[in-house]
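Just so it is clear, none of the values below were taken in a lab; they were calculated from the coordinates. Note that the structure is predicted; figures quoted are calculated from it, not measured. Glycine also receives a Cβ, built like all others from the backbone with ideal geometry; neighbour counts cover every protein chain displayed.
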Amino acid sequence: MTAPRPLHDRALDNLRYIRQTMERAGSFTAVPGWGQVAVGATALVAALLAARQPTPELWLATWLGEAVVALGIGGATMVRKAFAVNDPLLSGPGRRAGLSFLPPMVVGGLLTVALSRVGLWQALPGTWLLLYGTGFVTGGAFSVRIVPVMGVCFMTFGAAALLGPAAWGNWLMAAGFGGLHMVFGTIIARRYGG
Amino acid sequence: MARQGVARKTEAVERDVARARASAGPRTAELDRLIHERVRLGIVSALAVNDSLSFNELKALLKTTDGNLSVHARKLEEASYVTCTKSFAGRIPKTEYRLTGAGRRALEHYLDHMEALIRVTRQG
């Protein structure tokens, strides 16, 4: 016959079960709305600058520079919001959202190198928009419902960039990384606290 | 001596539980039993961090069967801890659950209760 478990252990076990259930059921709400608006604004500037570049290499460098700036703004505002709403980034839904968002970004980086090497510059806008959108669809499964919707919009713009004329590429990037970020960022900021 | 220590610890636990019950109101004994069951505790905990969850979302989250979830959700509904809304998404029936104020308070009291037990047993 097994001895009954002490009261203390059972209480701890119950508290652990509640915490784990809440973590599994919860959504990652630290998506920074105003941060996305700022990223959208810098993307519009980048699109204007990129359109004036004389070579594809300089066009690529402009957008890569924008990616670094966007990463900085997005990362900093996300950490700030996570602290403000007490939403941990490294555990629970935050961790799952991050891990789901990451693979499409890594693939995007690798494809950028591969496509640039063979001079397929015109494929880059569609590839970036599609994979960025995929990241929001997969990561957004653990976040508020508007995030995967935003991902689908990015993917639609990406498909248009891949299948449409090459001249559309830079402007679809402006509409996607600029316009979509600003529109969805404003909605997220208003509905989900910043 | 040891027996006196155990008696003191038991009295302290009873005092904490009585305090938790007193703050929760007259129905706490029933509330404790209702919420203490694992599936029901899971339903209430999951709804505490969501505006609403569908039957299928709860089923997947708690890894339980239709019948089991249905029985436990109904008990919580009868106690007014959750509300249940049935609708149609196209032709597919959809059942959505929400936590009520009474359900949220019951979860808070349950958490207080567990913490009180841990505190008292640690002091001993």
Over all Cα pairs of segment A:30-191, the Kirkwood radius sets Rh, and Rg/Rh then becomes 0.97
Given Cβ charges of +1 for Lys and Arg and -1 for Asp and Glu, the option among B:Ala48, A:Tyr17, B:Met114 whose Cα lies farthest towards the positive end of the dipole of the protein assembly as shown is B:Met114
Neighbour counts of other C-beta atoms within 10 Å: give me A:Val39, A:Val106 arranged from fewest to most. A:Val106, A:Val39
Tell me which residues come under 5 Å, amide H to amide H, from A:Phe28 once H is placed; ignore anything under 5 positions away on its chain. A:Ser143, A:Val144
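Exposure proxy check: B:Phe88, A:Phe177, A:Phe101 ranked by fewest other beta carbons within 10 Å?
On the way: B:Phe88 8, A:Phe177 27, A:Phe101 22.
Listing B:Phe88, A:Phe177, A:Phe101 from fewest to most nearby Cβ atoms yields B:Phe88, A:Phe101, A:Phe177.
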Considering Cα pairs under 8 angstrom that are at least six residues apart, work out the relative contact order of chain A and quote it in whole percent. 31 percent
So what is log10(I(q)/I(0)) for segment A:74-151 at q = 0.21, 0.22 1/Å, when the Debye sum runs over its Cα atoms only? -0.93, -0.98
In what order do A:Phe83, A:Phe184 fall by count of nearby beta-carbon atoms within 10 Å, going from fewest to most? A:Phe83, A:Phe184
Rounding to the nearest 20 debye, state how big the charge dipole of segment A:30-191 is about its Cα centre with +1 on each Lys and Arg Cβ and -1 on each Asp and Glu Cβ. 380 debye
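Classify segment A:136-190 from the C-alpha gyration tensor, please: rounded if a/c falls under 1.5, else prolate or oblate depending on whether a/b exceeds b/c.
Working: a/c = 4.03, a/b = 1.72, b/c = 2.34.
Oblate shape, in that a/c is at least 1.5 and b/c is the bigger or equal ratio.
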Could you count how many Lys pairs in the protein assembly as shown have their Cα atoms under 17 Å apart, skipping same-chain pairs fewer than 8 positions apart? 5
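Diagonalise the Cα gyration tensor of the protein assembly as shown and give the resulting equivalent ellipsoid semi-axes, square root of 5 times each eigenvalue, largest first, whole Å. Walk me through the numbers before you get to the answer.
Working: eigenvalues 531, 93, 53 Å².
Result for the protein assembly as shown: semi-axes of 52, 22, 16 Å.
For segment B:52-113, what is the Kirkwood estimate of the hydrodynamic radius, computed as the reciprocal of the mean inverse distance between distinct Cα atoms, to one decimal in Å? Please list the in-between numbers first.
On the way: mean 1/r = 0.0805 Å⁻¹.
Kirkwood hydrodynamic radius for segment B:52-113: 12.4 Å.
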Computed over chain A: longest principal axis from alpha-carbon atoms vs helix A:124-139 long axis, angle to nearest 10 degrees, is 10 degrees
